[in-house]
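Q: Following this message is one structure expressed as structure tokens.
The values are calculated or read from the model by the stated rules, or taken from the named source; none is laboratory data. Worth saying up front: this structure is predicted, and the values here are computed from it rather than measured. Positions of Cβ are backbone-derived with ideal geometry, glycine not excepted, and every protein chain shown enters the neighbour counts. Ligands, DNA and RNA are stripped out before the accessible areas are found, and what is left, the full protein with its side chains, is counted by its heavy atoms. Shrake-Rupley method; radii C 1.70, N 1.55, O 1.52, S 1.80 Å.
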Amino acid sequence: MPLHLEPGDGPPSFVDLIATAGYRAMAAALRLGVFAALSPTPLTAPQLATTLNTDPRGTALLAEALVAFGYLEREGDTYSNTAPTEKWLSGNGYSEVDRFWSTVLFESWDGLEDSIRTGKPALDFYGWLSERPETLERFQRMLSSHADSIARR
């Protein structure tokens, strides 16, 4: 992420705030199919909006945010994936890991403070997963892929 701060350039939470915003923008882009849509060829924001069936203004704002966070590049009026985005997020490989974790982080952590206050889990993680078949399937694929990658070791 292109964030250049010197020590003391703001409160310590500022970097985390910016990183969270960047991750949230990336997660929205994954869900909407932005990176996959830009994989074959660069597109303008209106072309991207047409491809994704999204609002042109909202799509342009997201694309600009993704440029600022280092996920996309803009040349003139066209947007394209950066090399790392193309490698990691434009297909169904590692992007599935980010799809899973963004769902977990943005949907299941709502009760974190209550859990800390009471000492009780905010939710039954596996019960929560069972209510989300697509997320459960991603979780199982992620674990299976990880097991395959370390099995020989």
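Q: Provide the per-residue ³J(HN,Hα) series for region 10-27, in order, calculated from phi with Karplus coefficients 6.51, -1.76, 1.60 and θ = phi - 60°, each as a whole number of Hz, with x at glycine and proline positions.
A: x, x, x, 6, 4, 4, 5, 4, 5, 4, 5, 4, x, 5, 5, 5, 4, 5
Q: Another one. Carbon and sulfur atoms: what percent of the 1.4 Å accessible area of the chain do they account for?
A: Details: 5590 of 10010 Å².
About 56 percent, which is the carbon plus sulfur part of the accessible surface.
Q: While we're on this one: Arranged from highest to lowest average of other beta-carbon atoms within 10 Å per residue, in what order do the peptides 6-18, 131-143 appear?
A: Numbers: 6-18: 10.0, 131-143: 14.1.
In descending order of packing, they fall as 131-143, 6-18.
Q: How high is the relative contact order of the chain, in percent, counting Cα pairs under 8 Å that sit 6 or more residues apart?
A: Working: 124 pairs, mean separation 30.9, N = 153.
Relative contact order for the chain comes out at 20 percent.
Q: Just to check I understand the Karplus step: with θ = phi - 60° and J = 6.51 cos²θ - 1.76 cosθ + 1.60, what whole-Hz values come out for region 120-128, glycine and proline as x?
A: Ordered by residue, 3J(HN,Hα) equals 10, x, 5, 7, 7, 4, 6, x, 4 Hz.
Q: Still on this structure, please answer the following. Could you give the dipole magnitude of the chain about its Cα centre, charging the beta-carbon of Lys and Arg +1 and that of Asp and Glu -1, in debye to the nearest 20? All intermediate terms of the calculation are to be shown ahead of the outcome.
A: Details: 13 positive and 20 negative charges, 88 e Å.
Roughly 420 debye, rounded to the nearest 20.
Q: For region 132-139, take each phi angle, set θ = phi - 60°, evaluate the Karplus expression 6.51 cos²θ - 1.76 cosθ + 1.60, and give the result in whole Hz per residue in order, putting x for glycine and proline.
A: Each residue's phi maps through the Karplus curve to give 10, x, 5, 5, 4, 5, 4, 4 Hz.
Q: Taking only protein heavy atoms and a 1.4 Å probe, what accessible area per residue, in Å², does the chain have with all protein chains in place?
A: Numbers: 10010 Å² over 153 residues.
Each residue of the chain exposes 65 Å² on average to a 1.4 Å probe.
Q: Show the residues, 5+ positions off or on another chain, whose built amide H is closer than 5 Å to the amide H of Leu72.
A: Under 5 Å from the amide H of Leu72 lie the amide H atoms of Val67, Thr82, each far enough along the sequence or on another chain.
Q: Here's something else I'd like to know. What does the convex hull of the Cα atoms come to per residue for region 25-130, in Å³? Before the final figure, lay out each step's value.
A: Details: hull volume 13.0 nm³, N = 106.
Taking the convex hull of the Cα positions in region 25-130, it is 122 Å³ per residue.
Q: Residues with amide H under 5 Å of Leu43's amide H, sequence separation 5 or more or different chain, H placed in the peptide plane at 1.01 Å from N; which?
A: Correct list: Tyr79.
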